[in-house]
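Engineer: First, the structure itself, so that you have it in front of you.
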Amino acid sequence: MTCPHCAASISEKEERCPYCDSYIEHMIPKVSPPVQNRQLLNQGEDKTELLLIILSFIIPMAGIILGAIQLSTGKAKSGKIYLVLGIISFFVLPCSFSVLPIMFSLLFNMKA
């Protein structure tokens, strides 16, 4: 084999050229591009789970985080559902917690 950098004759097993001290390409580990890594993560089905839907609605921040994770792994369908439920519940739950006590107090005050 010849060194691609200095054209010296070297052994096939050499990690570095003994003449020019350059690394030989066949010994450098190959790194896969991020697109292939994303495809490896996206091997499962893109389906929603009832427990995660409920969790996304009850705990808004969990829904937003789950949605972001699913979207980043390429699962657009479930990611959008968790994200939208998290955002909606972020605004709906505080309103319901403030409206329900008022409704109950009005209901009990009307009976008296």
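Engineer: Roughly how big is segment 44-111's charge dipole about its Cα centre, with Cβ charges of +1 (Lys, Arg) and -1 (Asp, Glu), in debye to the nearest 20? Could you put the intermediate results ahead of the total?
Structural biologist: Numbers: 5 positive and 3 negative charges, 27 e Å.
Rounded to the nearest 20 debye, it is 120 debye.
Engineer: Can I ask one more? Listing Leu93, Leu106 from the residue with the fewest other Cβ atoms within 10 Å to the one with the most, what is the order?
Structural biologist: Working: Leu93 14, Leu106 9.
Placing the least packed residue first, the sequence is Leu106, Leu93.
Engineer: Around Ser78, what is the net charge, scoring Lys/Arg as +1 and Asp/Glu as -1 over all other residues with Cβ under 15 Å from its Cβ?
Structural biologist: Values: positive: Lys47, Lys75, Lys77, Lys80; negative: Glu45, Asp46, Glu49.
Charge balance in the 15 Å sphere: +1.
Engineer: Which is farthest toward the positive dipole end of segment 44-111 among Ala76, Met103, Thr48, measuring Cα position about the Cα centre, with Cβ charges +1 (Lys, Arg) and -1 (Asp, Glu)?
Structural biologist: Selected residue: Met103.
Engineer: Sticking with this one: Once fully extended, how much extra length lies between Phe108 and Ile88, figured as 0.36 nm per residue of separation less the alpha-carbon to alpha-carbon distance?
Structural biologist: Using 0.36 nm per residue and subtracting the Cα-Cα distance, I get 4.2 nm.
Engineer: I would also like to ask the following. Among all the aspartates and glutamates, which ones have a C-alpha under 16 Å from Lys80's C-alpha, if same-chain residues fewer than 8 places away are not counted?
Structural biologist: Partners within reach: Glu45, Asp46, Glu49.
Engineer: Which net charge results for the neighbourhood of Glu49, defined as the other residues with beta-carbon distances under 13 angstrom from its beta-carbon, given Lys and Arg at +1 and Asp and Glu at -1?
Structural biologist: Details: positive: Lys47, Lys75, Lys77; negative: Glu45, Asp46.
With Lys, Arg at +1 and Asp, Glu at -1, the net is +1.
Throughout, read-outs are computed from the coordinates displayed, never taken from laboratory work. All values reported here derive from a predicted model rather than from experimental measurement. Reconstructed Cβ throughout: ideal geometry from the backbone, glycine too, with neighbour counts over all protein chains shown.
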